[in-house]
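See structure below.
The values are calculated or read from the model by the stated rules, or taken from the named source; none is laboratory data. Please read all numbers here as calculations on a predicted model, not as lab measurements. All Cβ positions, glycine included, derive from the backbone under ideal geometry; neighbour counts span all protein chains shown. For the accessible areas, the whole protein counts, side chains as well, though only heavy atoms, and no ligand, DNA or RNA atoms are used. Shrake-Rupley method; radii C 1.70, N 1.55, O 1.52, S 1.80 Å.
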Amino acid sequence: MKKRFMALILLAAFALTPAAALRTAALEVQPATQADFDLPCQAAILIDEDSGTVLYEKNADEQRPIASITKVMTLLLTFRALEEGRVTLEDLVPVSEHAYGMGGSQIWLEPGEQMTLNEMLKAICISSANDAAVAVAEYIGGSEPAFVEQMNAEAARLGMTNTQFKNACGLDEAGHLSTARDVAVMSREMLLNHTEISDYCTVWMDYLRGGATQLVNTNKLLHSYDGITGLKTGTTGGAGVCISASAERDGLRLIAVILGSPSSKDRFDAARTLLDYGFANYENAEAALPEDAPGTLPVTKGAEESVSLNYEAPGRYLMQKGGDNALEVQIDLPESLEAPVTSGQQVGTVNILQAGQTLASYPVTAAADVVKLSFGLCFERLVSALLFCEE
């Protein structure tokens, strides 16, 4: 005999678990392409931040320079160093002759000058300062070349197969290349796992050096696009005008990458077009577990009377707007389990249905081992009980 728990989850309903804890999957999304609509850029991609699903692509795997979007990887490694306790925001970051010599956007750091890591991060995220990016790279990695090795190792770990970094700031250099798809992967990693980036990249204006140096954000979408959350702009002669732009509306989080636009206006217009397309055509449907979903199952003939359960189903689904997007969550579980039970063993199923059709299935697993009750264990418990009674 199986227990079945069902819940009808409407799009307007609240999730039963915190939003931050929800995972998102995608159901049969066909991405738009250049044939559907074109953009004023050489390459582009739009993805759902939570599931990573591609919603639009144009030359997404074409290797190109990416200018200061490179700094997303520099920031990734810096935030990881902070997370691991190898550095703190209060650390003083020294400025070398090499960092001082960076061209392009900068905050005019002087050799021997020091700023806190927090101040350097402001300079990188708000003003896209090349000198600050290289100073931080040297501080974290020991030298810029050593840090670049770490950047490439992280790119490989993330599956950025068409990316090769040559420097930490994004200035044009032979062989310093990436793709729109790889930039989206890198941006998603940052936004999902280092949410503190929003404390920097959403700031429009700030000051350093006691107010003497003004920082103004290079991402003009902060002032003009509803729901914008970041992330990084970039411009060089080789790369053209670029942006990795992120935004959120009604629980849907998107990342639009634009590479090789002819002008800043074209860059921002292209990013708006992609984000508008995403928000107009997609939504996150709620598919939370029902409130009566059991947290444990009884175990017969076992050393424990019950075992805790792990549910692996996502809490939301990326779906195209239009039609009936109400989702039904069905949980199939047995009345009980017989020992032995192994941690990770599948003991049931979560089925996601729409209009009676199963869209996806996910396992329910045991969260712990439960060994079979043996004669020796029974005898040991009997002795323990008798001794307790005597006391």
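Would you check which residues across the stretch 294-353 are among the small types (G, A, S) and either in a strand (DSSP E or B) or modelled with pLDDT of 90 or more (or both) and list them?
Residues satisfying the conditions are G295, G302, S306, S308, S336, A339, S343, G344, G348.
When you scan the stretch 230-246, how many residues do you find that are farther than 16 Å from V183 by Cβ and open to solvent by less than 50 Å² (accessible area, probe 1.4 Å)?
Final tally of qualifying residues: 0.
So how many residues does the stretch 352-373 have that are more than 16 Å from N284 (Cα to Cα) and open to solvent by less than 20 Å² (accessible area, probe 1.4 Å)?
Counting residues in the stretch 352-373 that are more than 16 Å from N284 (Cα to Cα) and open to solvent by less than 20 Å² (accessible area, probe 1.4 Å) gives 4.
Consider L121 against the criteria (1) under 15 Å from T213 (Cβ atoms); (2) buried (at least 22 other Cβ atoms within 10 Å of the Cβ); (3) more than 26 Å from the chain's Cα centre (by Cα): it satisfies all of them except one. Which criterion is unmet?
Evaluating L121 over (1) under 15 Å from T213 (Cβ atoms); (2) buried (at least 22 other Cβ atoms within 10 Å of the Cβ); (3) more than 26 Å from the chain's Cα centre (by Cα) leaves (3) as the failure.
Restricting attention to the stretch 90-100, does a residue exist that is under 22 Å from T195 (Cβ atoms) and either modelled with pLDDT of 95 or more or open to solvent by less than 30 Å² (accessible area, probe 1.4 Å) (or both)?
Within the stretch 90-100 (the criterion being under 22 Å from T195 (Cβ atoms) and either modelled with pLDDT of 95 or more or open to solvent by less than 30 Å² (accessible area, probe 1.4 Å) (or both)), the answer is yes, since at least one residue qualifies.
Could you grab me the full set of residues in the stretch 214-229 that are touching a residue at least 60 places away in the same chain (Cβ under 8 Å) and either open to solvent by 20 Å² or more (accessible area, probe 1.4 Å) or assigned to a helix (DSSP H, G or I) (or both)?
V216, T218
Tally the residues that are acidic (D, E) and open to solvent by 30 Å² or more (accessible area, probe 1.4 Å), restricting the search to the stretch 22-77.
Summing the residues that are acidic (D, E) and open to solvent by 30 Å² or more (accessible area, probe 1.4 Å) in the stretch 22-77 gives 6.
Looking at (1) under 27 Å from A67 (Cα atoms); (2) open to solvent by 10 Å² or more (accessible area, probe 1.4 Å); (3) β-branched (V, I, T), which is the one condition that is false for I258?
The failed condition is (2).
Is it true that some residue in the stretch 266-287 is modelled with pLDDT under 95 and aliphatic (A, V, I, L, M)?
The answer is yes; a qualifying residue exists.
Yes or no: D182 charged (D, E, K, R), open to solvent by 20 Å² or more (accessible area, probe 1.4 Å) and in contact (Cβ under 8 Å) with a residue 12 or more places away in the chain?
So D182 does not fit the description; no.
Give the stretch 287-315 a look and list any residue that's open to solvent by 10 Å² or more (accessible area, probe 1.4 Å), touching a Gly at 6+ places or on another chain (Cβ under 7 Å) and of a type outside the set (S, T, N, Q), or say none.
L309
Please count how many residues of the stretch 74-98 are out of contact with any strand residue (DSSP E or B) (no Cβ under 9 Å at 6 or more places or on another chain) and part of a helix (DSSP H, G or I).
11
Residues being farther than 21 Å from F268 by Cβ and either out of contact with any Asp or Glu (no Cβ under 7 Å at 6 or more places or on another chain) or surrounded by fewer than 18 Cβ atoms within 10 Å (Cβ to Cβ) (or both): count how many of those fall in the stretch 190-213.
13
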